[in-house]
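The values are calculated or read from the model by the stated rules, or taken from the named source; none is laboratory data. All figures in this text were calculated on a predicted structure; none of them were measured in a lab. Positions of Cβ are backbone-derived with ideal geometry, glycine not excepted, and every protein chain shown enters the neighbour counts.
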Amino acid sequence: MDDNNALFLFATGAGSIDLVPEMIREFVSREFTVFSVLTPNVSLVKPVAPLMEVPGNHWVHEYRQKPLERYPFGTLLIAPCTFNTFNKIALGLADNLATSMIADGLGAGCPVVIAPAMNHGLWSHPQTAMSQERLSNWGVKIVPPSISDEWVAMAPIEDIVSTVLNVHNVG
């Protein structure tokens with residue numbers, strides 16, 4: 001495995017979780033080694049196993065699982081990222097495998113990209129703006145969401161891939 005092409009994809013329980021398999025396929029086609037980690041709330045939205053059954057994906061779902069014995073390394077992508085996880089990251093909270101790994105990767109200086117997905121009320125919440133400013137100050141790249149009358153939807157996969165490629169090549 002080439003650590004230089006490692007991508008840790010952290011997915012949360014947003015409605016756009018359905019796009020995760022397509023996103024994984026896109027990164028695998030670009031020769032990334034993809035390690036996917038789901039937050040606990042994903043299982044409240046969708047059955048998790050079908051989301052992870054993508055050729056080339058390595059589903060990390062336990063603390064003692066490889067490659068965690070040598071983590072942190074690679075580029076970190078949180079997509080889709082809910083209000084809850086977005087703010088946990090900015091506040092340094094690490095209460096599950098995904099947020100613990102993200103905090104560890106941030107502390108180690110790994111490149112981090114976040115693609116938020118939430119409703120308007122949560123996107124407009126004062127904590128979201130504070131978290132966005134803090135994360136940006138830390139060097140985290142936030143892929144602007146697509147905003148409609150109904151939702152603040154995760155950015156198109158092409159935008160996310162482009163941002164990851166830019167950060168990955170610089171990082």
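Here are a few things to note about the model shown:
- Qualifying residue in region 7-23 (condition: touching a Cys at 6+ places or on another chain (Cβ under 7 Å), among the polar types (S, T, N, Q) and either crowded, with 19+ Cβ neighbours inside 10 Å or outside any strand (DSSP E or B) (or both)): yes
- Residues that are among the aliphatic types (A, V, I, L, M) and in contact with a Leu (Cβ under 7 Å, 6 or more places away or on another chain) within region 119-153 comprise just one, I142.
- Contacts under 9 angstrom Cβ, first residue in region 118-136 being within 18 Å of D149 (Cβ to Cβ) and of a type in the set (S, T, N, Q), partner buried (at least 18 other Cβ atoms within 10 Å of the Cβ) and modelled with pLDDT under 95, 6 or more apart: N119/V152; S124/V152
- Counting only strands (runs of 3 or more DSSP E) that fall entirely inside region 64-171 and contain at least 1 residues that are at pLDDT 95 or above, the qualifying elements are 75-81, 112-116.
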